[in-house]
1. Using 7 Å Cα-to-Cβ label points, what is the residue 230/residue 291 separation (nm, one decimal)?
2. 7 Å from Cα along Cα→Cβ at both residue 309 and residue 431: what's the point-to-point distance in nm?
3. What is the ratio of the Cα radius of gyration of the range 304-457 to 2.2 N^0.38 Å, where N is its residue count, to two decimals?
4. Can you give me the three principal axis dimensions of the range 86-213 from its C-alpha atoms, in Å, biggest first?
5. What's the FRET efficiency of residue 23 with residue 421 using the Cβ-Cβ distance as r and R₀ = 22 Å, to the nearest 0.05?
6. To the nearest 0.05, how large is the calculated FRET efficiency for residue 334 and residue 121 if R₀ is 35 Å and r is the Cβ-Cβ distance?
7. With n ≥ 4 as the cut-off for DSSP H runs, can you work out [θ] at 222 nm for the chain, using -39500 (n - 2.57) per run divided by the number of residues, rounded to the nearest 500?
8. For the residue pair residue 255 and residue 284, what label-to-label distance in nm results when each label sits 7 Å from Cα along the Cα-to-beta-carbon direction?
């Protein structure tokens, strides 16, 4: 970064004492030259000035979760279990769907605008004292960590934003690391092969800690990092496993125990990884707390089934090929269940004679592999009758024209409906669908967020 850019960023005027959360968020998006700036050299001095690194080391047990997919679900389950066991639990996740406050929670509750603003002021003061410029993600993550320290939380559950080694979350030394899986994503920052990406994600490891490997096969780079740090590894399929009993229960097993548990609303694979992390920790989390957590844990946008405006909706943030595989593994059984329910409704004369179909509300970021996602969705054997597409209101969004061009390679033009904004597409899919249809919304966190916002204001 040039001296002039640094000078300009540092001279930007901070919001005044009457500033709103929105004004603070807008300001922090403008003070750094790039939205993503990997590395810890700038953020560490500010973190040390705030005291958040030492606070986490001295006062809290820290779970750090990295991986290509499933981080949000895994962190949500870990936090819910620790909270149910009586620990004051901090949860940091990103990005958010509707409001920024979703990213920062204490004991399951989003922190208030006032608490966030107070933390932003302190981070900004420390940043200026250190004569440094920070990105939006660095500023907001430091604020979250400061909030957790000031709240004196017993357990911190931290979701890595991008990669691991150079992500700002990695300024905090974890006591327990989780690597959910490794797949190709964010190639501009992490590399274009699983070995390079694995090395970046394994950068969250520390000497002698425990690590949960949530995939049956991990890149050699992850194993090399485990060996280097002499970490204790617990891997799915080797050290722990699960079996699906029925629609309401499942069985977890490791070398020490077998548990019959209620089925959560989230992916079992991600749930198993989270449970293994909790069980491998020294925290006192009993079966009652585990069961309570599994019955109550929720995460918006992760296989999130709702009935809104007399329509059936499924929201899922799947935005890469592996994420779509997770979605499809759960969607196919849900579709069969949906058809059975509609058949019952037909018998009760509560539905039309038209067969139920799936309608897709879809958009993605332009730097994702849209072709692979679309190819997988269109070849899964699902009765998708229509695609409603629009450009997300985000700088890296794929244009509607780009989305249409890719879709046209797989489906008839008559099935593709283009709109300028996702709000318009959301309203259109409601008008074009029947009560017995299923509307699937996927492709990006931003797609889900804008669709939910549109449904709230309709």
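1. Between residue 230 and residue 291, the label points sit 4.1 nm apart.
2. 1.0
3. Numbers: Rg = 14.8 Å, N = 154, 2.2 N^0.38 = 14.9 Å.
Relative to the rule-of-thumb radius for its length, the range 304-457 sits at 0.99.
4. 42, 39, 32
5. On the way: r = 24 Å, r/R0 = 1.10.
Between residue 23 and residue 421 the formula returns 0.35.
6. Working: r = 45 Å, r/R0 = 1.30.
The formula returns an efficiency of 0.15 here.
7. Values: 17 runs with 191 residues, N = 458.
Value at 222 nm, helices only, nearest 500: -12500 deg cm²/dmol.
8. Roughly 2.5 nm, to one decimal.
FYI, it's all coordinate maths here, none of it is from the lab. The structure presented is a predicted model; accordingly, all values stated were derived computationally and were not measured. Neighbour counts are summed over all protein chains in view; Cβ atoms, including those assigned to glycine, are modelled from backbone coordinates with ideal geometry.
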